[in-house]
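Here's the structure, in structure tokens; my notes come after.
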Amino acid sequence: MRRFSTAALAIFIALVFLAYMVSYTVAYNETAVKTRFGKAGDNAVIEEPGWHFRAPWPIDRVETYPKQVQVLQDNPEEILLPDGNTVIVNMSVAWRISNPLDFFRSLRTIEGENGANDTLKSLMQNLRSVITQYNFDQLVNPDPSKVQMAQLEADVAAEFQAQIDAIQPSYGITIERVSMGRLLYTESTATKVNERMSATQSALAAVILTEGTAEAGNITSEAEAARGIVIAFAGQVAQQIRTVGEDEVAEYMSRFAQSEEDETIAIFLRQIEAAEMILGNRSTLVIDVTQLNPFNVYFMGPGAGGDVSRLGALGNPEASHLSPLRPDAVEPTTTTTGAGQ
């Protein structure tokens, strides 16, 4: 029984080893190239993922390549621009294998000596000539509309692809994008950049200050104009109200002055006019409410003992009968009035 188990295990291991020798798998993100005796035919590319058969090694061999985009980072290098400024460029390239068969025949591997990365790095040295066609202010500028970094990257990528396409046999590589990464500059260039940025910001601040001052002046002018309009309108309204009031006062005074029953009102009105003329300057008048003659508003008879039965008619001339006021109902008080300037 033990011998049977050992034999079964040996047979199972042999079958697994045989399956490994005569089969291979392709992942969904890979492409395989199957060669026979080291040569790849036109139908050697296997793109369908899954389990596939092959002849055992060394008859058939299989190389798998990723479909994903590969990123190659170059070493930083100092480049002199046409305007005399020096920048340090840290370039990176995104590329992918677009033709696995050409890639296998020309480069075969991604890493390693003479692989794709080493070959591409050597070609990247020729791309510096494209960068030297741009001035510093086209790469670094406070005005975003003047920065041409995206155009530079597109030009470098196009030049890189043209160099690869010109090589025979073809590498089977497509350049997806070239990025400058971090663009650094030397200390001397940094000093010039800081001075230029300071001058630019100062000029921008001056423009903003000028615009702000002009805007403040416009706002002040508009406020003053609006203030003048409001004051003029208020003055017109006040004058209209004053005119209406004076007309109504004149109407009532004329009515009272022409009344035969209230003949003393004419005397009272003249006394009021005289008082206005007398008190035109700064004056202080102290009077007793019971001795208001010649300014007797409540008692219109001579002295303090006038007839007050007609007092109500002053407020309502059309009233036919009003209850007479009692003199003893008014308490004597002292009133101080002052006319202003």
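The values are calculated or read from the model by the stated rules, or taken from the named source; none is laboratory data. Since we're looking at a predicted model, the values are computed, not measured. Reconstructed Cβ throughout: ideal geometry from the backbone, glycine too, with neighbour counts over all protein chains shown.
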When the stretch 138-157 is checked residue by residue, the ones that are small (Gly, Ala, Ser) and under 14 Å from Ala94 (Cβ atoms) are Ala154, Ala157
Residues in the stretch 1-36 that are over 60 Å from the mean Cα position of the chain (by Cα) and at pLDDT 85 or above total 2
Select, from Gln151, Gln168, Gln161, the only residue that is modelled with pLDDT of 85 or more, over 35 Å from the mean Cα position of the chain (by Cα) and part of a helix (DSSP H, G or I). Gln161
If I filter the stretch 119-147 down to residues being of a type in the set (S, T, N, Q), surrounded by 14 or more Cβ atoms within 10 Å (Cβ to Cβ) and at pLDDT below 90, which single residue comes out as farthest from the chain's Cα centre (by Cα)? Asn135
